[in-house]
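The values are calculated or read from the model by the stated rules, or taken from the named source; none is laboratory data. Everything quoted here is computed from the prediction, not taken from an experiment. Here the Cβ positions follow ideal geometry from the backbone for every residue, glycine too, while neighbour counts run over all protein chains shown.
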């Protein structure tokens, strides 16, 4: 390349970078939660857990958890959900028992204990919350047929 063209390009690059930086600093960011990023918002104002069972929206939907699981320990050694919902304890705790599918291994063999693939309950089951939708949704529940 010729020297004047290289000199012009070298002088233009910092100007472009600085103007891009200034433009980025002047942009306003809108938070989905309706508050400034540095403004504290109490969690109770964002959502509240809903007690009692909510109807499922489609046939194979995993049930929502009708109680808070905030302090529940679910890790490799402990799963507090099983202290009430395992088939051996559900009756005495008056809790729904796990589906028998949770006691099948990958090959369909029945197990006495929950399958490792179903051990981490909150992969599929989430607490119910009365929270505003983050994104507009046009989903309609199935008719139940």
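Things worth noting here:
- Within the stretch 122-143, the presence of at least one residue that is more than 17 Å from residue 63 (Cα to Cα), in contact with a strand residue (DSSP E or B) (Cβ under 9 Å, 6 or more places away or on another chain) and in a loop (DSSP other than H, G, I, E, B) is confirmed.
- Residues of the stretch 114-145 that are without any contact (Cβ under 8 Å) to a residue 12 or more places away in the chain and closer than 17 Å to residue 76 by Cα: 116, 123.
- Total residues in the stretch 100-121, condition more than 16 Å from residue 82 (Cα to Cα) and in a loop (DSSP other than H, G, I, E, B): 5
- Of residues in the stretch 100-121 being in contact with a strand residue (DSSP E or B) (Cβ under 7 Å, 6 or more places away or on another chain) and within 19 Å of residue 65 (Cα to Cα), the one surrounded by the most Cβ atoms within 10 Å (Cβ to Cβ): 121
- Tabulated pairs, the stretch 1-29, first at positive phi, second surrounded by 10 or more Cβ atoms within 10 Å (Cβ to Cβ) and modelled with pLDDT of 75 or more, C-beta under 9 angstrom, 6+ apart or interchain: none
- The stretch 74-99, subset free of Cβ contacts under 8 Å to residues at least 12 places away in the same chain, outside any loop (DSSP other than H, G, I, E, B) and within 25 Å of the chain's Cα centre (by Cα), residue surrounded by the most Cβ atoms within 10 Å (Cβ to Cβ): 84
- When restricted to residues that are closer than 20 Å to residue 130 by Cα and exposed (fewer than 12 other Cβ atoms within 10 Å of the Cβ), the stretch 59-73 contains 2.
- Taking the criterion of being within 30 Å of residue 95 (Cβ to Cβ), part of a loop (DSSP other than H, G, I, E, B), out of contact with any strand residue (DSSP E or B) (no Cβ under 8 Å at 6 or more places or on another chain) and modelled with pLDDT under 70, the only residue of the stretch 1-52 that qualifies is 51.
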